[in-house]
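The values are calculated or read from the model by the stated rules, or taken from the named source; none is laboratory data. Since the structure is predicted, the reported quantities are computational estimates derived from the model, not experimental observations. Here Cβ is always computed from backbone atoms with ideal geometry, including for glycine, and neighbour counts include all displayed protein chains.
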Amino acid sequence: MARLSYEDSCRSLQSQQIIDPGDIPPLPQRPPRHDDEVLGVSFFRTMLADSTLEHLTLPRTLFGRSEIRATSFQDTDLSESTANWNDFIDVDFSTADLSRSDFRACILQSVRFRGAKLADVDFRHCGFTACDFSGADLTDAKITRKAGASLQLSSEQQRVIDWQADDGEEPEGG
């Protein structure tokens, strides 16, 4: 199944009452920051649960201080998104494109990244519990050695990760 365009993806979110009706949010030209005045699609201090957001095109989405639970983003383009300080619980990102996204300071519990594009994703300050990375592209993903020790990763995945000695600075917006 082909991904919907950005505009059609936003209309799908509107029809599901996930974002406000009316004008389509602008597509940001760069990854969003928590203090941007104009945002594209964003989930801030909210609960998103029991939703199906599959085959959408939503790059540069902002997730901040939210709980995302029992939601599927299968095959959705969320590249260059910012997702700091969130709880992702029982979320399916299988075959999604999360490349160049910032996922720092998240709780990731029972999250499926099967076959996902995770190149250049920053996972520092994250806690992982029962996550599935099978077949995911982790090229240059930032993960600390400590956090990575609990993950079941292939030898190829381990070889291409940008292993970090420590978590570095916390992301802004905390």
Matching entry among GLY174, GLY168 (being modelled with pLDDT under 95, surrounded by fewer than 18 Cβ atoms within 10 Å (Cβ to Cβ) and not in a strand (DSSP E or B)): GLY174
Answer residue from the range 150-160, given it is modelled with pLDDT of 95 or more and under 16 Å from ASP132 (Cα atoms) and is surrounded by the most Cβ atoms within 10 Å (Cβ to Cβ) among those: GLN157
Every residue from the range 90-115 that is farther than 14 Å from GLU80 by Cα and in a loop (DSSP other than H, G, I, E, B): ASP90, VAL91, PHE93, SER94, THR95, ALA105, CYS106, SER110, VAL111, PHE113, ARG114, GLY115
Residues (of a type in the set (D, E, K, R), out of contact with any Asp or Glu (no Cβ under 7 Å at 6 or more places or on another chain) and surrounded by fewer than 20 Cβ atoms within 10 Å (Cβ to Cβ)) located in the range 82-132: ASP90, ASP132
The range 133-149, residues that are surrounded by fewer than 13 Cβ atoms within 10 Å (Cβ to Cβ) and not small (Gly, Ala, Ser): ARG145, LYS146
Test set (1) in contact with a strand residue (DSSP E or B) (Cβ under 9 Å, 6 or more places away or on another chain); (2) surrounded by fewer than 20 Cβ atoms within 10 Å (Cβ to Cβ) - ARG11 fails condition number: (1)
Matching residues, the range 49-68, being surrounded by 18 or more Cβ atoms within 10 Å (Cβ to Cβ), in contact with a strand residue (DSSP E or B) (Cβ under 6 Å, 6 or more places away or on another chain) and of a type in the set (A, V, I, L, M): LEU62, ILE68
